[in-house]
1. Restricted to the stretch 107-139, and to residues that are surrounded by 15 or more Cβ atoms within 10 Å (Cβ to Cβ) and among the hydroxyl-bearing types (Ser, Thr, Tyr), which residue is farthest from Arg54 (Cα to Cα)?
2. Could you tell me which residue of the stretch 140-161 is surrounded by the most Cβ atoms within 10 Å (Cβ to Cβ), considering only residues that are of a type in the set (A, V, I, L, M) and in contact (Cβ under 8 Å) with a residue 40 or more places away in the chain?
3. Is it true that Val114 is touching a Gly at 6+ places or on another chain (Cβ under 9 Å), of a type in the set (Val, Ile, Thr) and touching a residue at least 24 places away in the same chain (Cβ under 8 Å)?
4. Keeping to the stretch 54-106, report how many residues are aliphatic (A, V, I, L, M), farther than 25 Å from Ile142 by Cα and surrounded by fewer than 15 Cβ atoms within 10 Å (Cβ to Cβ).
5. Only one of Gly79, Gly158, Gly64 is more than 22 Å from Glu11 (Cα to Cα), touching a strand residue (DSSP E or B) at 6+ places or on another chain (Cβ under 9 Å) and at pLDDT below 95; which?
6. Going by the conditions given, is Ala77 over 25 Å from Val39 (Cα atoms), part of a loop (DSSP other than H, G, I, E, B) and not acidic (Asp, Glu)?
7. Can you work out which of the residues in the stretch 6-49 that are within 19 Å of the chain's Cα centre (by Cα) and exposed (fewer than 13 other Cβ atoms within 10 Å of the Cβ) is farthest from Asn121 (Cα to Cα)?
8. Collect the residues in the stretch 84-100 that are of a type in the set (A, V, I, L, M, F, W, C), assigned to a strand (DSSP E or B) and either in contact (Cβ under 8 Å) with a residue 40 or more places away in the chain or more than 15 Å from Cys149 (Cα to Cα) (or both), keeping them in residue-number order.
Amino acid sequence: MTTLDRLPMLERRRIQAEVVKPIWEALAAEAGREVANRVIGKAIKDAAIEEGRRFAEAEGGPGGMEGFLAMQHLWTAGGALEAETVEASATDYISNVTRCRYAEMYREMGLEEVGFLLSCNRDGTFVEGYDPRIRLTRTQTIMQGADHCDFHYRMTQGDDA
């Protein structure tokens with residue numbers, strides 16, 4: 001586990017955003033916002049999958065929904081997210097995030113345009129690395145202007161995976 005892994009997730013995302021911001025700005029100026037968003041988005045997704053793999057390896061392999069639920073405190077630490085859990089079972093985790101300090105932080109940093117790429121984009125791809133049987137369905141995010149984020153993680157079986 002690295003020193004960065006020991007920091008609260010909100011602080012990790014702040015540090016990462018401080019590094020990514022000038023890169024995104026330079027890339028957008030040179031190649032356009034569409035290219036910058038595509039390149040940064042892909043890099044963040046790839047990093048999230050790798051991060052999920054590291055978490056799974058630390059647990060001895062894919063941890064299923066139970067392992068995933070046990071990690072939720074990492075993202076909510078320090079009040080980073082305020083959420084209402086609708087369901088938490090062996091097959092489904094449904095929650096509505098009603099306050100997102102990640103989104104607030106990105107806006108304060110002047111990164112509202114790419115905050116989704118830097119954080120929200122990770123939510124579904126992290127689980128690809130952690131346990132490929134888990135899928136995320138989400139129709140809206142606070143970062144993109146909604147009043148809440150609607151998360152539905154579902155454990156798939158067999159051919160669904």
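The values are calculated or read from the model by the stated rules, or taken from the named source; none is laboratory data. Note that this is a predicted model, so its numbers are computed, not measured. Every residue, glycine as well, gets a Cβ built from its backbone with ideal geometry; the counts of neighbours run over all protein chains shown.
1. Here the residue is Ser119.
2. Met143
3. yes
4. Number satisfying all stated conditions: 2.
5. Of the residues listed, the single one that is more than 22 Å from Glu11 (Cα to Cα), touching a strand residue (DSSP E or B) at 6+ places or on another chain (Cβ under 9 Å) and at pLDDT below 95 is Gly64.
6. no
7. Arg6
8. Correct list: Ala88, Ile94, Val97, Cys100.
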